[in-house]
Protein chains: 2
Amino acid sequence: MLEVKTTESAPGIPAEGLSIAEAARRTGVSAHTLRYYERVGLVVTTVGRTAGGRRRYHRLDLEWIKVCTKLRATGMPIRTIRRYADLVSAGRGNEQERLDLLESHRAEVRARLAEVRRNLELIDHKIDVYRGRLAAGDADRLWAPTPDPGPAPE
Amino acid sequence: MLEVKTTESAPGIPAEGLSIAEAARRTGVSAHTLRYYERVGLVVTTVGRTAGGRRRYHRLDLEWIKVCTKLRATGMPIRTIRRYADLVSAGRGNEQERLDLLESHRAEVRARLAEVRRNLELIDHKIDVYRGRLAAGDADRLWAPTPDPGPAPE
DNA sequence: TCTTGACTTCGAGCATGCTCTAAATCCTAG
DNA sequence: CTAGGATTTAGAGCATGCTCGAAGTCAAGA
């Protein structure tokens, strides 16, 4: 007991690394997309290769890819992630730029969130109206063009 | 005073309707996109035409287009808006379907919002870390691959 | 009337982000 | 050793949502 598995470097990652299929499973992106991310310069780590040329993913590779997917999930375009990746691989000296990039993205995301929330209110309102009118049984009048300057129908 | 402008039907909409350029300005979508929306079946109202074939937008047209832009702004795909538009133009009898569509979309939007918020936390964290390290002057160690099972670098 | 400039339709083109195919190679179980 | 599945590359293809171009029509002022 209390034995240290020397063949593993992390939660189940063997020392020789993971196949692309395993990496895909663990990161939640397809193998196709993993290769694509690498091709377009998103991957800042140097993914290892077997003698035969197959990719071998290690902990840092997976970590970085997860960062990418989170950035993507907040809507950061590939091109911007690449810029960030370029800054990161350029190494020390551009930390302010990285920070600027992240802060500017955060501002955009927050703005988008706010906008979506605002527009969601319309949907909430329409749902309320439909529910109310369905319950009241007079759903017929919904969006049947009304005379003129009157209030818009729902 | 207190004169009623009989040539206008709403906040500045003349009785003969607005040109596509004006409609574009007021709805915030380009004239190209207005035509596109019409082409793909998003527009439930029948936009009027002049004798010469030019579109004339009236209040309800603009209202509906604004509804479309709000649905788009929450990420509803064109195809779904079209389905909604079809339900609306089909008239009475499908209110439950419209409600279902809206509720299902709302659920998706809420889920997306939650996910974005979650992923935004990573960005917040990275920003904090960069700020802290920049302030501390040891920014050099950011994302320089660390030995091994240790904590991921930022 | 003539000249602009706005508008029309139809269809092509474009940006984004994957997603898939083909043909070759690798690797592992039997 | 061999069969068969996984992986490789380069490049094509696809879905979405616009966006633009061409060629022709319309309309309003000089």
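The values are calculated or read from the model by the stated rules, or taken from the named source; none is laboratory data. Since this is a predicted model, take the numbers as computed values, not measurements. When we count neighbours, we look across all protein chains shown, and the Cβ atoms used for this are built from the backbone with ideal geometry, even at glycine. Calculation scope for accessible area: heavy atoms of the full protein, side chains included, ligands and nucleic acids excluded. Shrake-Rupley method; radii C 1.70, N 1.55, O 1.52, S 1.80 Å.
The mean number of partner chain beta-carbon atoms within 10 angstrom of a residue's beta-carbon across peptide B:92-100 is 4. Ellipsoid fit via the Cα gyration tensor, the range A:8-91: semi-axes of 21, 13, 12 Å, each the root of five times an eigenvalue, largest first. Per-residue shielding of B:120-130, expressed as the average number of other chain Cβ atoms within 10 Å of the residue Cβ, stands at 5. Ordering A:VAL47, A:SER30, A:ALA15 by Cα displacement along the dipole of the range A:8-91 toward the positive end leaves A:SER30 in first place; charges were set at the Cβ atoms of Lys, Arg (+1) and Asp, Glu (-1).
Across the identical copies, the label point of A:GLY93 (7 Å from Cα in the Cβ direction) is separated from its matches by 7.3 nm, in order from shortest.
In this view, the solvent-accessible surface of B:ARG83, computed with a 1.4 Å probe and all protein chains in place, comes to about 130 Å².
For A:THR50, the label point sits 7 Å beyond Cα toward Cβ; its separations from the matching points on the remaining copies run 7.1 nm, from shortest to longest. The modelled label-to-label distance between A:ALA111 and A:THR50, using points 7 Å beyond Cα along the C-beta direction, is 4.8 nm.
Relative to the Cα centre, the charge distribution of the range A:8-91, modelled as +1 at Lys and Arg Cβ and -1 at Asp and Glu Cβ, gives a dipole magnitude of about 300 debye. Accessible surface buried by the B/A pair amounts to about 4700 Å², both sides summed, 1.4 Å probe. Peptides B:89-100, A:14-25 ranked from most to least packed give A:14-25, B:89-100, packing being the mean of other C-beta atoms within 10 angstrom over each peptide's residues.
Using a simple spin-label model with pseudo-atoms 7 Å out from Cα toward Cβ, A:ARG26 and A:SER89 lie 2.1 nm apart.
For the rotation carrying A onto B, the chain A residue whose Cβ lies nearest the axis, with the distance in whole Å, reads A:LEU113, 3.
Per residue of peptide B:15-25, the mean number of Cβ atoms on other chains within 10 Å of the residue Cβ is 0.
Across the identical copies, the 7 Å label point of B:ALA73, projected outward along Cα→Cβ, sits 2.6 nm from its counterparts, in ascending order.
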